[in-house]
Amino acid sequence: MEGLGLCVITLLISSAFQNGHPVRVTVRETSVQVLRGDSVLLPCSFVTMATLSRLNIIWTVTPLSEPSSPSQVIVYDRGQVIESPSLIGRVSFRSVPLSADIVLNSTRLSDAGTYRCVVNNPPEPGVPGIGELSLTILAPPSSPLCLWDGRADEGGSISLSCSVEEGVPVPELRWDKLEPDQISLPVNKEGSLKGTVRILNISAQNSGLYRCTVSNPLGTEACSVALSVYSTSHGAAGILQAVSLTLCMALVLLALLALVLWFHRSGHDRKWREEGEEEECYNEIRGNTLSQ
């Protein structure tokens with residue numbers, strides 16, 4: 001009976017291998033998050049009935065930034081490991097060939113995407129086993145850039161813009177007027193990383209300090225703009241005052257010039273009179289001398 005039982009088990013095992021079962025792949029987590037710069041484990045386990053001498057594992061990624069351009073991450077093929085040139089030194093298998101788990105080190109924002117684990121183990125029949133998971137790289141907001149554009153005189157219009165380059169989750173963006181009282185302003189979103197505030201028909205009351213704040217669960221950053229609104233009435237009065245001052249200075253200069261010319265001419269007239277008197281005296285003396 002024992003021999004018969006052993007024979008039956010042997011036949012069952014032989015039948016299983018002959019009929020075959022495709023490799024079964026299991027991904028323990030379908031969504032993984034990690035803080036930028038940290039290491040992360042991407043899990044992928046498999047079950048196979050065949051020996052592992054011809055085991056083939058391929059990891060690929062479809063980046064969030066390029067959803068139409070999947071690329072290879074790392075490959076295990078019959079005992080040989082091949083890393084993608086762009087990931088050399090940052091990716092490795094954890095315990096191959098017993099598991100298809102990989103570790104990604106020094107994570108970057110560009111590493112985010114959908115990762116696929118494909119396991120094939122000939123002579124297992126059927127299609128290879130496939131598992132997928134999404135990787136999110138978390139990061140605090142970068143320092144925002146604040147700018148303003150438009151006419152800063154009364155009656156004009158200005159735009160305040162605030163943009164941030166990165167942040168995951170997408171940062172919340174808000175504009176506030178800080179002086180003299182803090183007032184929250186309505187923001188027009190331009191995409192997910194830029195917001196503007198439009199102020200029409202501005203007046204002196206719009207002068208003050210404006211601050212843009214960007215924040216997500218990992219951090220907060222801010223930038224500010226100081227706005228000074230110029231009064232056109234004050235500007236016209238200033239221009240009129242400047243023109244009046246210029247005219248007064250011109251009149252003073254003309255008066256000084258006239259005075260100088262008058263003194264100069266008076267000196268010449270006096271000199272002519274003195275020379276005429278001397279000549280008359282000389283002629284008189286000469287006439288007396290000749291008559292004697």
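Report whether or not C162 is over 25 Å from H21 (Cα atoms), open to solvent by less than 20 Å² (accessible area, probe 1.4 Å), at pLDDT 95 or above and outside any helix (DSSP H, G or I).
In short, yes.
Within the stretch 98-105, is there a residue that is more than 16 Å from L41 (Cβ to Cβ) and in contact with a strand residue (DSSP E or B) (Cβ under 9 Å, 6 or more places away or on another chain)? Checking the stretch 98-105: not a single residue is more than 16 Å from L41 (Cβ to Cβ) and in contact with a strand residue (DSSP E or B) (Cβ under 9 Å, 6 or more places away or on another chain). Contact map, the stretch 135-158: first residue surrounded by fewer than 18 Cβ atoms within 10 Å (Cβ to Cβ), second residue assigned to a loop (DSSP other than H, G, I, E, B) and of a type in the set (V, I, T), Cβ cut-off under 6 Å, separation 6 or more or different chains; pairs are S142/V164; A152/V229; G156/I202. Taking the conditions (1) in contact (Cβ under 8 Å) with a residue 12 or more places away in the chain; (2) in contact with a Gly (Cβ under 9 Å, 6 or more places away or on another chain) in turn, N188 satisfies each one other than (1). Residues of the stretch 29-68 that are open to solvent by 50 Å² or more (accessible area, probe 1.4 Å) and in contact with a strand residue (DSSP E or B) (Cβ under 7 Å, 6 or more places away or on another chain): E29, T30, S31, Q33, L35, R36, S39, L41, V47, I58, L64.
Scanning the stretch 18-68 for residues that are charged (D, E, K, R), touching a residue at least 40 places away in the same chain (Cβ under 8 Å) and assigned to a loop (DSSP other than H, G, I, E, B) returns E29, R36, D38, R54. Within the stretch 72-91, the set of residues being open to solvent by 20 Å² or more (accessible area, probe 1.4 Å) and of a type in the set (S, T, N, Q) comprises Q72, Q80, S86.
The condition of being of a type in the set (A, V, I, L, M, F, W, C), open to solvent by less than 40 Å² (accessible area, probe 1.4 Å) and either on the phi < 0 side of the Ramachandran plot or in contact (Cβ under 8 Å) with a residue 12 or more places away in the chain (or both) does not hold for V170. Being at pLDDT below 95, out of contact with any helix residue (DSSP H, G or I) (no Cβ under 6 Å at 6 or more places or on another chain), crowded, with 16+ Cβ neighbours inside 10 Å and not in a strand (DSSP E or B) is not true of A100. Of the residues examined, Y115 is not one that is part of a strand (DSSP E or B), crowded, with 18+ Cβ neighbours inside 10 Å and without any contact (Cβ under 8 Å) to a residue 60 or more places away in the chain. Taking the condition of being of a type in the set (S, T, N, Q), within 30 Å of L35 (Cβ to Cβ) and either open to solvent by 60 Å² or more (accessible area, probe 1.4 Å) or modelled with pLDDT under 95 (or both), how many residues in the stretch 185-233 meet it? Residues meeting the conditions: 3.
The values are calculated or read from the model by the stated rules, or taken from the named source; none is laboratory data. These numbers come from a predicted model, not from an experiment. Heads up, the Cβs are rebuilt from the backbone with ideal geometry, glycines too, and the neighbour counts pull from every protein chain shown. Side chains included, ligands, DNA and RNA excluded: accessible areas come from the protein's heavy atoms. Shrake-Rupley method; radii C 1.70, N 1.55, O 1.52, S 1.80 Å.
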